[in-house]
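Each reported figure results from applying straightforward, stated rules to the coordinates on display, with no laboratory input. A quick note: this is a predicted structure, and the numbers were derived from the prediction, not measured. Here Cβ is always computed from backbone atoms with ideal geometry, including for glycine, and neighbour counts include all displayed protein chains.
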Amino acid sequence: MNVILLGAPGAGKGTQAEKISAAYRIPHVSTGDMLRDAVASGTPLGLEAKQFMDRGDLVPDALVVGIVKDRLSHADCDNGCLLDGFPRTVAQADALDGALSGVGKTIDAAVSIDVSEDELMSRLTGRRTCSGCDRVYHVVFNPPKAEGVCDVCSSPLYQREDDSEKTVSNRLRVYHEQTAPLVDYYESRGLLKNVDGNGSPDEVFQRVSAVVGARQ
Ligand code: AP5
Ligand code: MG
Ligand code: ZN
């Protein structure tokens, strides 16, 4: 099963991805996490990507498509995967279609998680991210058991550099201009599933499971 998670910054893609990945036993493929890992390790890709990410702009399609194609070729993706934060442009969506159809695979669903803009801002400015396993927390909505420490792997939590109010505003603008058109793109292919992203993470997960369908 290949599932795409669409949604504005802060809509809860990473939060839902963790739950879906565990319930449906498919790997969580997050381009944001892969790019942040590349930045942290100082690879040539990371050095190039950092300037775009710090501004809240999209990393060029060619770079992102390259890392996703490489990731999808790993054996753990043979039975499908959950794509979080990819595709983000029509060019990326076309590249994904080409890569999947080349190996006889298809997309099963594109789930769009919808949340109001005020809520997105408070979710992002209070987010804390695990430096070890990339799990996300929130200082108010989803605090860790011990302040500043991941419940699962005990690594320290950090605040993402692009979660400042100014950069979030640019990320939202970029989302509306470049990524929102994918809603129509997948709707026209009969793959779009809209999900209300308000309510607790577990309530949202119930809605996501209902539209994604039976676990395989
Ligand atoms: P990326 O890491 O993908 O960031 P994003 O799309 O901006 O989304 P976020 O990760 O900020 O939000 P999310 O929807 O995952 O929400 P989360 O679950 O964490 O991309 C970062 C950058 O990398 C981009 O700006 C770009 O530069 C680059 N990039 C990545 N992919 C790219 C691509 N394909 N092409 C080009 N460039 C790319 O939740 C947010 C907060 O809310 C958390 O604190 C969480 O605890 C809380 N929360 C979640 N659900 C709920 C709920 N139901 N109720 C209350 N709080 C909640
Ligand atoms: Mg995320
Ligand atoms: Zn962790």
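Couple of notes before you dig in:
- Extension gain, S116 back to Q178 (0.36 nm per residue minus Cα-Cα distance, nm): 20.5 nm
- Here region 42-125 is treated with +1 on each Lys and Arg Cβ and -1 on each Asp and Glu Cβ, and its dipole about the Cα centre works out to around 280 debye.
- 18 Å reach of a label modelled at V103, 7 Å along Cα-to-Cβ, counting backbone N of region 20-57: 25-31, 34
- Each of Q51 and A91 was given a label point 7 Å from its Cα along the Cα-to-Cβ line. The distance between the two points is 1.6 nm.
- Cα centroid of region 117-133 to Cα centroid of region 176-210, whole Å: 19
- Among complete DSSP H helices in the chain, none has alpha-carbon atoms stretching at least 20 Å along the helix's long axis together with a mean Kyte-Doolittle hydropathy reaching 1.0.
- Length-normalised contact order of the chain in % [C-alpha pairs under 8 Å, at least 6 apart]: 30
- Low-density loop positions, GluC sites (Glu not before Pro), region 127-181 - DSSP coil, at most 11 other Cβ in 10 Å: E147
- Per DSSP, loop trypsin sites (Lys or Arg not before Pro) in region 9-53 with at most 15 further Cβ within 10 Å: R25
- About the Cα centre, charge dipole magnitude for the chain (Lys/Arg +1, Asp/Glu -1 at Cβ), debye: 320
- Nearby lysines by direct alpha-carbon distance to K193 (threshold 25 angstrom, same-chain neighbours under 8 apart not counted): K13, K19, K69, K105
- Share antiparallel - DSSP beta bridges, the chain, percent rounded to 5: 30
- Where a label projected 7 Å from the Cα of A210 along Cα→Cβ would reach, residues of region 180-198 with amide N under 15 Å: 193-198
- For the chain, the 222 nm mean residue ellipticity estimated from helices alone, with every DSSP H stretch of n ≥ 4 adding -39500 (n - 2.57) and the total spread over all residues, rounds to -14000 deg cm²/dmol.
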